[in-house]
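The structure under discussion appears below in the form of structure tokens.
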Amino acid sequence: MAIAASRYTVDDLDLARQEFGVAHIEIDPWGNLIVTPATDPHERAIAALHGQLLRQLGLPGDCVLSQGLPWRVPGGSGYTNVPDLMVIDPRTVRVEEWHLSPPPLLVVEMASPSTRVVDRSRKLDDYRLGGAVAYLLIDLPGLTRAERPTADLHHFASPAMSGTGLTGLVDVTLGSRHATVALDALAASQRRET
């Protein structure tokens, strides 16, 4: 849902998160906020994935980011995307106001009914155009209509590594780094008692 106020910038995201009490906010090309409240199971699954990738990739802790860096791709849709999770190279810096160089190694979106179509269309196009190495889209039971945990991996740097409807363990190779995403463990993390 878009909030009526306009002309927000990336500098306003932290304040907006506090003001509206939600973690996930993006900005459309006109400066409007797009708020997609995340559920506890969604956030637990993202946290579990964060832990899996942090343990396996051997990158500094600040290179695996839940609620990834705001990223607007030059020549893309014009939206400022904030992925559910992003893995960046330790050398990543901002280029101009919104772009990242080098581009993210991995961008992850955990689908929900309100974001699934956008994740598989506009965001897919933006992340490909922006030069991300890979894009992982995850569907979990309880978050979408998926009957079992599945994922689509778009490996832009090596398309032969791509796959759709993946189940179980999903291998993700990012240059010389490798991780195996355990989809069933992500689904199980949603059901843990708090």
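Out of segment 128-172, which residues are among the β-branched types (Val, Ile, Thr) and touching a residue at least 24 places away in the same chain (Cβ under 8 Å)?
The first filter runs over segment 128-172 and keeps only residues among the β-branched types (Val, Ile, Thr), leaving 133, 138, 144, 150, 164, 167, 170, 172.
Listed by number, the residues that qualify are Val133, Ile138, Thr144, Thr150, Val170, Val172.
Would you pick out the residues in segment 62-103 that are of a type in the set (Asp, Glu) and under 20 Å from Val172 (Cβ atoms)? Reasoning before the result, please.
Kept after step one, since they are of a type in the set (Asp, Glu), are these residues of segment 62-103: 62, 84, 89, 96-97.
Within segment 62-103, Asp62, Asp84, Asp89 meet the criteria.
Has segment 132-141 got at least one residue that is closer than 21 Å to Arg55 by Cβ, assigned to a loop (DSSP other than H, G, I, E, B) and under 17 Å from the mean Cα position of the chain (by Cα)?
The answer is yes, given that some residue of segment 132-141 is closer than 21 Å to Arg55 by Cβ, assigned to a loop (DSSP other than H, G, I, E, B) and under 17 Å from the mean Cα position of the chain (by Cα).
Can you give me the number of residues within segment 78-98 that are out of contact with any Leu (no Cβ under 9 Å at 6 or more places or on another chain) and either crowded, with 17+ Cβ neighbours inside 10 Å or within 24 Å of Leu186 (Cβ to Cβ) (or both)? Outline the logic, then answer.
Of segment 78-98, the ones out of contact with any Leu (no Cβ under 9 Å at 6 or more places or on another chain) are 78-79, 81, 91, 95-98.
Imposing the further condition that a residue be either crowded, with 17+ Cβ neighbours inside 10 Å or within 24 Å of Leu186 (Cβ to Cβ) (or both) reduces the set to 79, 81, 98.
Total meeting the criteria: 3.
Condition first: over 17 Å from the mean Cα position of the chain (by Cα) and either in a strand (DSSP E or B) or among the hydroxyl-bearing types (Ser, Thr, Tyr) (or both). Now tell me which residues in segment 172-185 satisfy that. Please lay out each step first, then the result.
Taking segment 172-185 and keeping what is over 17 Å from the mean Cα position of the chain (by Cα), we get 175-178, 184-185.
Matches in segment 172-185: Ser176, Arg177, His178.
Conditions (1) within 25 Å of Arg44 (Cβ to Cβ); (2) modelled with pLDDT under 95; (3) buried (at least 20 other Cβ atoms within 10 Å of the Cβ), marked per residue:
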{"residue": "Leu105", "(1), (2), (3)": "yes, no, yes"}
{"residue": "Ala111", "(1), (2), (3)": "yes, yes, yes"}
{"residue": "Pro141", "(1), (2), (3)": "yes, yes, no"}
{"residue": "Ala146", "(1), (2), (3)": "yes, yes, no"}
{"residue": "Phe156", "(1), (2), (3)": "no, no, no"}
{"residue": "Asp171", "(1), (2), (3)": "yes, no, no"}
{"residue": "Ser176", "(1), (2), (3)": "no, yes, no"}
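Any residue in segment 96-114 that is part of a loop (DSSP other than H, G, I, E, B), aromatic (Phe, Trp, Tyr) and in the same structural domain as Ile46 (by TED's automatic domain parsing)? Working first, answer last.
Residues of segment 96-114 part of a loop (DSSP other than H, G, I, E, B): 96-98, 102-105, 111-114.
Checking the rest, the ones that are also aromatic (Phe, Trp, Tyr) come to 98.
Among the residues that remain, those that are also in the same structural domain as Ile46 (by TED's automatic domain parsing) are: 98.
For segment 96-114, residues part of a loop (DSSP other than H, G, I, E, B), aromatic (Phe, Trp, Tyr) and in the same structural domain as Ile46 (by TED's automatic domain parsing): present.
Restricting attention to segment 66-92, which residues are farther than 18 Å from Asp40 by Cα, assigned to a strand (DSSP E or B) and either without any contact (Cβ under 8 Å) to a residue 24 or more places away in the chain or touching a His at 6+ places or on another chain (Cβ under 8 Å) (or both)?
Trp71, Met86
If I ask for residues that are within 13 Å of Arg191 (Cβ to Cβ) and of a type in the set (Lys, Arg), which ones from segment 37-57 would you list?
The one that is within 13 Å of Arg191 (Cβ to Cβ) and of a type in the set (Lys, Arg): Arg44.
The values are calculated or read from the model by the stated rules, or taken from the named source; none is laboratory data. Bear in mind that the values here come from a model prediction, so they are computed numbers and not experimental data. No Cβ is skipped: glycine too gets one built from the backbone with ideal geometry, and neighbour counts run over all protein chains shown.
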